[in-house]
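J.: Take this structure first; my questions come after.
The values are calculated or read from the model by the stated rules, or taken from the named source; none is laboratory data. All figures in this text were calculated on a predicted structure; none of them were measured in a lab. We place every Cβ from the backbone using ideal geometry, glycine too, and count neighbours over all the protein chains shown.
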Amino acid sequence: MNRLPALVAVVMIAVASAMHPRAAADTTLPSCPQSNPVITPTGTSPLVDCTLHSGDLDFDVRYWSVPELPRPRAVKVTVSDSSGAVVQTIDELLEPSTPGGVGMQDIDGDGRDELIIPISQNLLNGGNPNTRFAVWRAHGDSRHYERTQMVGQAAYPSGDGYLVTNGGGPASRDLTFYLPTGAGYTLVTVLTIEVLEADPATNRALTVNCRAHQEDGLHAVDMSIRQAEDYFCNSPAAKAIWPDAERVQIKRWGVFGN
């Protein structure tokens, strides 16, 4: 069987399951062996059918695969309430490099767990593994989860109201700042923090530079790219990267900079 038709078959199964959710959750699944998601460079967790629990909701996790392809190529998560009624179904396509199974964690510090699905892992910025993953977030008391795709090695509250993903390599870190909203997360800006000078004996960073990148979401916080660089490069999350190094500003704003 050709690989492309096999993958298409997986997609069709996932789409069909989303269009026709079951009326009640499956109560036969065991608890997931690891509830926290794995997106770290070296961590792994098994991809097994299991169930997660958060608040008064259950999350039944089932993986789809075909004999010709290595590892599961899709996952379906059925969300049900305390009565067993299905309130949402979530489907994601996976790549063979995914480092771990579906997990739940309150990564933005709002008091509710997010559903996190690792999708793939790739080498970025000098060879460090970074995970591409989907974060499904429900806002406030809502039972509906919205999807945002992210890349990095860790995700955590920034300390000033944002969610930040931390990725990159040994001499360059990318911090992506998201604003939690009713539609999941809005990408506000990306910082690149680079080591300019390091101690040759210890490899300790001596001087670093921080630059912000323009993103459409800056309008959500009413900032120009210059204002964003001034603010986010001085945020707790940015200052935690190579905290002992001297911060060196490289002027890049021209006459028309804003």
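J.: Exactly one condition in (1) loosely packed, with under 14 Cβ neighbours inside 10 Å; (2) within 19 Å of GLY161 (Cα to Cα); (3) not charged (D, E, K, R) is not met by PRO243; state its number.
T.: (2)
J.: Filter the strands (runs of 3 or more DSSP E) completely within the range 144-254 down to those with at least 1 residues that are out of contact with any strand residue (DSSP E or B) (no Cβ under 6 Å at 6 or more places or on another chain).
T.: Working: elements: 146-152, 154-157, 163-169, 172-181, 184-198, 205-213.
Here the list reads 154-157, 172-181.
J.: Name every residue in the range 84-94 that is charged (D, E, K, R) and more than 15 Å from the chain's Cα centre (by Cα), in order of residue number. It would help to see each step written out before you state the result.
T.: Looking only at the range 84-94, we keep the residues that are charged (D, E, K, R), and these are 91-92.
Hit for the range 84-94 is ASP91, nothing else.
Residue-by-condition table, conditions (1) touching a Lys or Arg at 6+ places or on another chain (Cβ under 7 Å); (2) among the polar types (S, T, N, Q); (3) under 12 Å from LEU179 (Cα atoms):
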{"position": "THR131", "(1), (2), (3)": "no, yes, no"}
{"position": "ALA134", "(1), (2), (3)": "yes, no, no"}
{"position": "ALA138", "(1), (2), (3)": "yes, no, no"}
{"position": "HIS144", "(1), (2), (3)": "no, no, no"}
{"position": "GLY152", "(1), (2), (3)": "no, no, no"}
{"position": "SER158", "(1), (2), (3)": "no, yes, yes"}
{"position": "TYR162", "(1), (2), (3)": "no, no, yes"}
{"position": "GLY168", "(1), (2), (3)": "no, no, no"}
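J.: For the range 148-168, name all the residues that are farther than 19 Å from GLY111 by Cα and either among the β-branched types (Val, Ile, Thr) or crowded, with 16+ Cβ neighbours inside 10 Å (or both).
T.: MET150, VAL151, GLY152, GLN153, ASN166, GLY167, GLY168
J.: Tell me the residue from PRO99, PRO129 that is over 21 Å from SER158 (Cα atoms), surrounded by fewer than 20 Cβ atoms within 10 Å (Cβ to Cβ) and touching a residue at least 12 places away in the same chain (Cβ under 8 Å), please.
T.: The conditions single out PRO129.
J.: Can you find a residue that is modelled with pLDDT of 95 or more and either closer than 19 Å to ARG137 by Cα or part of a loop (DSSP other than H, G, I, E, B) (or both) anywhere in the range 66-76?
T.: For the range 66-76, residues modelled with pLDDT of 95 or more and either closer than 19 Å to ARG137 by Cα or part of a loop (DSSP other than H, G, I, E, B) (or both): present.
J.: Cβ-Cβ distance below 6 Å, separation of 6 or more or different chains: which pairs start in the range 192-214 with a residue that is in the same structural domain as PHE232 (by TED's automatic domain parsing) and at pLDDT 95 or above and end on one that is among the basic types (Lys, Arg) and outside any loop (DSSP other than H, G, I, E, B)?
T.: THR192/ARG211; ILE193/ARG173
J.: Just need a number here: residues in the range 77-97 that are charged (D, E, K, R) and modelled with pLDDT under 95. Full working, then the answer.
T.: First pass over the range 77-97, keeping only residues charged (D, E, K, R): 81, 91-92, 95.
Cutting the leftovers down to modelled with pLDDT under 95 gives us 95.
Number of matching residues: 1.
J.: Right, next: For the range 107-117, state whether one or more residues are modelled with pLDDT under 95, in a strand (DSSP E or B) and crowded, with 17+ Cβ neighbours inside 10 Å.
T.: no
J.: Does GLY152 fit the bill of being free of Cβ contacts under 8 Å to residues at least 12 places away in the same chain, under 28 Å from ASN234 (Cα atoms) and out of contact with any helix residue (DSSP H, G or I) (no Cβ under 7 Å at 6 or more places or on another chain)?
T.: Details: free of Cβ contacts under 8 Å to residues at least 12 places away in the same chain: no; under 28 Å from ASN234 (Cα atoms): yes; out of contact with any helix residue (DSSP H, G or I) (no Cβ under 7 Å at 6 or more places or on another chain): yes.
No, not satisfied.
J.: Among (1) modelled with pLDDT of 95 or more; (2) within 13 Å of the chain's Cα centre (by Cα); (3) buried (at least 16 other Cβ atoms within 10 Å of the Cβ), where does ALA138 come up short?
T.: Against the list (1) modelled with pLDDT of 95 or more; (2) within 13 Å of the chain's Cα centre (by Cα); (3) buried (at least 16 other Cβ atoms within 10 Å of the Cβ), ALA138 comes up short only on (2).
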